[in-house]
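The structure under discussion is supplied below as structure tokens; questions concerning it will follow.
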Amino acid sequence: MELFTIFAFIKKINTLDLLQKRILIKLKKKNRGNSKLIDAIDKLMSDIETANWSKPIDIKINRPDADNIHSDGFYFFDLNVHRTMVLIIFEDNEATIIWAGSHTEYDNIFKGNKTTIEKWLRNKNLI
């Protein structure tokens, strides 16, 4: 009888650290009766925390709701459940939640305009 040794190699995936989760947790608490939105937020967090994205196109392939709104790595995610928007910056191995709110709040603050978004980012000293 021959003995075989099986070696398992575990590859470490370059996952992203998700910072400022409290913004999404607060949004979940505010909408606790909306299970579809809560599920969408949980999925977004899970997708980011387990992502192995090495270039911007990887984000768009994995999350078609992502819109690159600034070349410094800022993305809006349109959860499309009660038209909820989430602004995240990706740097190195970190994803930081900057803002989250309804589409109405997004329209009021950002006007759906990249120039206005850039101005807001500058005012917050993010770019």
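The values are calculated or read from the model by the stated rules, or taken from the named source; none is laboratory data. The structure presented is a predicted model; accordingly, all values stated were derived computationally and were not measured. Using ideal geometry, Cβ is built from the backbone for each residue, glycine included, and neighbour counts are taken over all protein chains shown. Heavy atoms of the whole protein, side chains included, go into the accessibility calculation; ligands, DNA and RNA do not. Shrake-Rupley method; radii C 1.70, N 1.55, O 1.52, S 1.80 Å.
Say we look at region 53-74 and pick out the residues that are touching a residue at least 40 places away in the same chain (Cβ under 8 Å) and over 11 Å from the mean Cα position of the chain (by Cα); which of these is farthest from GLU91 (Cα to Cα)?
It comes out as ILE69.
Is one or more of the residues making up region 86-105 surrounded by 13 or more Cβ atoms within 10 Å (Cβ to Cβ), in contact with a helix residue (DSSP H, G or I) (Cβ under 7 Å, 6 or more places away or on another chain) and small (Gly, Ala, Ser)?
There is at least one residue in region 86-105 that is surrounded by 13 or more Cβ atoms within 10 Å (Cβ to Cβ), in contact with a helix residue (DSSP H, G or I) (Cβ under 7 Å, 6 or more places away or on another chain) and small (Gly, Ala, Ser).
Going by the structure shown, is PHE77 open to solvent by less than 50 Å² (accessible area, probe 1.4 Å) and either under 20 Å from LYS36 (Cβ atoms) or over 13 Å from the mean Cα position of the chain (by Cα) (or both)?
So PHE77 passes the test.
If you don't mind, another one. Could you tell me which numbered condition THR50 fails, if it satisfies all but one of (1) at positive phi; (2) of a type in the set (S, T, N, Q); (3) without any contact (Cβ under 8 Å) to a residue 40 or more places away in the chain; (4) in contact with a Ser or Thr (Cβ under 8 Å, 6 or more places away or on another chain)?
(1)
Go through region 30-49 and give me each residue that's open to solvent by less than 30 Å² (accessible area, probe 1.4 Å) and either within 23 Å of ILE89 (Cβ to Cβ) or basic (Lys, Arg) (or both).
LEU37, ALA40, ILE41, LEU44, MET45, ASP47, ILE48
Can you tell me which residue is nearest to LEU19 (Cα to Cα) among those in region 106-127 that are among the aliphatic types (A, V, I, L, M) and surrounded by 19 or more Cβ atoms within 10 Å (Cβ to Cβ)?
LEU121
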